[in-house]
Structures are given as structure tokens and as C-alpha cells.
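What follows is one structure encoded as C-alpha cells, with my remarks underneath.
The values are calculated or read from the model by the stated rules, or taken from the named source; none is laboratory data. Predicted model only: the values in this text are computed from it and were never measured. Here Cβ is always computed from backbone atoms with ideal geometry, including for glycine, and neighbour counts include all displayed protein chains. SASA here: full protein model, heavy atoms, side chains in, ligands and nucleic acids out. Shrake-Rupley method; radii C 1.70, N 1.55, O 1.52, S 1.80 Å.
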Amino acid sequence: MYLVTIGLEVHAQVNTVTKMFCACRTSFGEDPNTHTCPVCLGLPGALPVLNRIAIEKTLLTGLALGCRSPEFSRWDRKNYFYPDMPKNYQTTQMDFPLCLDGGVPLFDDCYPTDARKNIRTPNKIVRLNRIHLEEDVAKSTHLANSTLIDFNRAGTPLMEIVTEPDLESAEEAFAYLRSLQMVLHDCNTSDADLEKGNLRCDVNISLREKQSDPLGAKVELKNLNSFSAIRRAIHFEIARQTEELDLGIAQIQSTRRWNDDLGETQLMRTKEDAHDYRYFPCPDLLPIATAPLLDTVRPRVPEPRLSRIARYETDFGLTPYDAAVLTADGNLARYFEAASDPSIPAKKTANFIINNLLGILNEASITITDCPVPPEKLRDLLTLVESGTLAQNQAKEVFAVLFASPEKSPSAIADQLGFKPTSAGELDTLIDQVIKNNPTEVEAVKAGNEKLLNFLTGQVMKSAPTKPNPKQVTDLLRAKLL
Ligand code: ZN
Ligand code: MN
């Protein structure tokens, strides 16, 4: 058994309309090389212009993750020769990144489902080293004897989010990425979709025998593009290194790629052929004074999930489960809060959203962001339940109609479905009639067979001209008979 140390470097495309250093539109899935200009093609003499939104979004992400920023942030050139970057350097940040420190909490529900029972370090927070901003490179497609290049992606703003070597298993790496993804969504700073390539993950992994040993040789896994690939690649790599170490084969610093089809990592290069990037400050761009930008961005920082969960449990009295479900998506949490009302117990609002709304959204394959029913209408509907006008089951039916016709009001739909409370006097007459017509059942109820109350309720419901609230009917029957 060896101690496993893992650090992650995540590249997240910032979801801006235009690129980092030019006015070309960022794009995905469009005709190759249709979103380019002299700047993002790296033509000689072209000069970069900073994208303020990309900088603000990076600082916002940093604040949401508890980072601090140096007073001045600076741009550097990372020199290398490769067709995906024809100016032969990437404009990035080396010594003065926009964000430093901070951390990403690992919530239980961020772990893979089958690993939630064996979480080694509950409530772990993975420390961040830095977040810097850089430009994405062009996309290469390698054919048998040639390579195709698409520059649409070149120059897309890219946040590089680097952890300290705090992770100890594939499952923690998985949980880290899920949690990070939630924050990026909540801040609306990156679409953070691994499948679309706007979130990309490199894994550094090393093994050693005991805590007092220095960190073992670092093996880097490149180009992991799905949650399952990340988990499988780390498992494979731990097993591979363990086997070699057991045989007395020392590991050397190297870079490997994950082959998803074969389910194995393959050697790409070792330290000997590592690049020397010869970083130096970019002469074309001025350093950024971070304080005024941070002031602009600070009001937009969403409430951290940790404090939201705590607030839902203490202020709203929700269970940890409910609080976790509602806060897993910042937009869902905001929906819940907008649908809440002091006159409705929070637990009931939470239940309706978790047991009803989420199911309907799931069936329609949409997220809460695209929910056609505004939260205010759900609040109106739940108010009708609270006042006894509608039964719980009736509210579900009303909501289904509301989902298809969100322009209608819940009470109009209730009318349309015939869900009307029968007036108290009318209901009284109906109940007396049913009691008179069913003497055997009434006697049985009085003798203690409360199940028959449901039968009598059904009789009242049938005879009513409108559809009264069945719970109200049962309560009235109970009051009269017991
Ligand atoms: Zn351009
Ligand atoms: Mn990078």
C-alpha cells in the first residue's frame, strides 16, 4: 500500500461573448476558421486588447472560492513552438496570477454515488494554489499524414485553476470537479461542460511509502474529458505505479495520455524532453490593478453553498438532505427562495420542488433555469394548499397544467379543473346526507374502524357538485362521528 498524492489542473473556458485579446466571437461547433482575425491567428504585428469581462469573471470565480488577489496582476509569454499557437507563445500569467489561495469544499453529494458510503475525509476542503487567465489554443485534428487546425477556439479566455496536492483518491478528484463545476455554474463564469471541452482536466499523481517520504515522481495524465475517464484513469494509474514500485521499478517524472477504449494510460514523454518555456513579462500588455475590478465584482459573488446549506437547515428547518438537493444548483436554490413565503412551511415548499417539480423538469429534459413556471406562481399554488382551498394531490394536477400553460394563474386552473371548495354550509348538508345514507359504515367508524372514513369521504366527494378538498371532508366527518 502506498500513499497517493494528487493535484489537479483544470482549464475552464470563460463563457464570454468574445475572445480574450480580440473582438472575434467565441464559438462552438461552427465551420472551422470562421471566427478569426490577425490577433487570434497570431499574425506578426497584431496587438492584443484585453477582454475586461473575462478578467471580471475570473476574479468573480476567485472570490466565490475564497481566493485573494495580488495588488497587480501581470501577463507573461510562455514560449513554445507548435502549430496550435502560431505566434509561438501563449499569453498567460506566471508570477502574478489574478487569484491566489482559496479552496474547493468536497460535499458528500459530489462524490460518485457508489462511493458516498466510504468518504475518507468528510467535509474536506481542497486548497487552491492559484487561478490564472490565459488564451486557449487552436484545435488540432491529427489525420494519418496531416493535421487539420481550427482557429475558432484560439484566443478563447481560459481560467487555469490549480490545486495544491491535497487529493488522495480518484473519488476525491471526482468530487472536486463536481464541486468546482457547481461554483462555475453558480457564478455563470464557465459552462464547465467536460463533454463539450470547455472544462478540461490534467491530473498529477504520485505515490510514496510513508508520510515522511518526499513526494514521489510526478506523473501527469493529460486530456481527461469525462468524469468516468478521470476516475478510471486515476484508478489505473495508481494500480500501474503500485505494481511497478512493488517490483522495484522507480517512477520517473513523465506525461501520459489516457486511452479510453483500451482503459489504460500510455507514455507520451518523460522529463528529459520537457519544454523550457522561458517565461517573460508580455511587453504588449500592462499589468492590471485588481482592487477596482474586485470592487465591481464583489456584489455579484453568489452565496457559498456551505453557508446556504447551513442557512436552510437553521433558518428554514430543512433536513440536510433537502438542503443538499436544493443547493446543488444555485438557480434551484434561488427558485426555492423566491417560491418561499412566511405563510407556507418551508418544508412543504421544499417537498413540492423536490418531489414534484424536479421530476417534471427531468421528464421534460430541462433544468430549473428553463422552468416555464415562475417561482411566484408556485408560491401562489402552495398558498392555495395552505389555505385549504386545494388538496395536495389537486395541487399536483394544477401544477402539471401550469407547466404547460404558465401564463394562467393557479386559481384559474383550479377553477377549470373543478377544484373548488364547497361552501361550508353546502358541505355540511352533503356530509349529513352521506351519514344518513350509510348507517352500517357510520356504525363501523364509530366502533373504531377509521379506514371507513375514506369510504365516507369518497361518497361526499362523489355527491359534491364541485371537487372539495378531501382532507377537509375527512376532518369534518371525523368531527361529526368521533
Ligand atoms: Zn480574433
Ligand atoms: Mn494552461
Subset of region 22-48 that is surrounded by 14 or more Cβ atoms within 10 Å (Cβ to Cβ) and of a type in the set (Val, Ile, Thr) - its residue that is farthest from ligand 1 (Cβ to nearest atom): Thr26
Out of Asp166, Asp193, sole residue that is more than 25 Å from Arg74 (Cβ to Cβ), at pLDDT below 95, touching a helix residue (DSSP H, G or I) at 6+ places or on another chain (Cβ under 9 Å) and open to solvent by 10 Å² or more (accessible area, probe 1.4 Å): Asp193
Residue among Arg308, Arg334 that is open to solvent by 40 Å² or more (accessible area, probe 1.4 Å) and either outside the structural domain of Asp370 (by TED's automatic domain parsing) or part of a helix (DSSP H, G or I) (or both): Arg334
Filter result for Ser73 (open to solvent by less than 20 Å² (accessible area, probe 1.4 Å) and either in contact with a strand residue (DSSP E or B) (Cβ under 8 Å, 6 or more places away or on another chain) or among the aromatic types (Phe, Trp, Tyr) (or both)): yes
Arg178 open to solvent by 10 Å² or more (accessible area, probe 1.4 Å), out of contact with any Ser or Thr (no Cβ under 7 Å at 6 or more places or on another chain) and either farther than 20 Å from Phe107 by Cα or not assigned by TED's automatic domain parsing to the domain that holds Thr16 (or both): no
Identity of the residue in region 85-101, open to solvent by 20 Å² or more (accessible area, probe 1.4 Å) and closer than 26 Å to Leu177 by Cα, that ends up nearest to ligand 2 (Cβ to nearest atom): Met94
Tabulated pairs, region 78-96, first within 16 Å of ligand 1 (Cβ to nearest atom), second polar (S, T, N, Q) and in a strand (DSSP E or B), C-beta under 9 angstrom, 6+ apart or interchain: Asp84/Ser140; Gln90/Asn79
Qualifying residue in region 11-21 (condition: crowded, with 22+ Cβ neighbours inside 10 Å, among the hydrophobic types (A, V, I, L, M, F, W, C) and within 13 Å of ligand 1 (Cβ to nearest atom)): yes
The listed residue being open to solvent by 30 Å² or more (accessible area, probe 1.4 Å) and within 24 Å of His11 (Cα to Cα), out of Leu247, Leu267, Leu262: Leu267
Wholly enclosed strands (runs of 3 or more DSSP E) of region 129-230 bearing at least 1 residues within 16 Å of ligand 1 (Cβ to nearest atom): 139-142, 147-150, 157-163
Check on Tyr82, within 30 Å of Gly29 (Cβ to Cβ) and surrounded by fewer than 17 Cβ atoms within 10 Å (Cβ to Cβ): yes
Check on Leu382, part of a helix (DSSP H, G or I) and open to solvent by 30 Å² or more (accessible area, probe 1.4 Å): no
Contacts under 8 angstrom Cβ, first residue in region 21-49 being more than 16 Å from ligand 2 (Cβ to nearest atom), partner of a type in the set (S, T, N, Q) and not in a loop (DSSP other than H, G, I, E, B), 6 or more apart: Cys24/Thr18; Arg25/Thr18; Thr26/Gln13; Thr26/Thr18; Pro48/Thr91
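Select from region 53-65 the residues that are within 16 Å of ligand 1 (Cβ to nearest atom) and either surrounded by 22 or more Cβ atoms within 10 Å (Cβ to Cβ) or not hydrophobic (A, V, I, L, M, F, W, C) (or both) and list them in ascending order.
Listed by number, the list holds a single entry, Ala54.
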Listing of helices (runs of 4 or more DSSP H) fully contained in region 414-467 that carry 3 or more residues being under 27 Å from Thr383 (Cα atoms): 424-437, 452-463
Selected residue (only one of Ala154, Ala115 is within 23 Å of Asn223 (Cβ to Cβ) and open to solvent by less than 70 Å² (accessible area, probe 1.4 Å)): Ala154
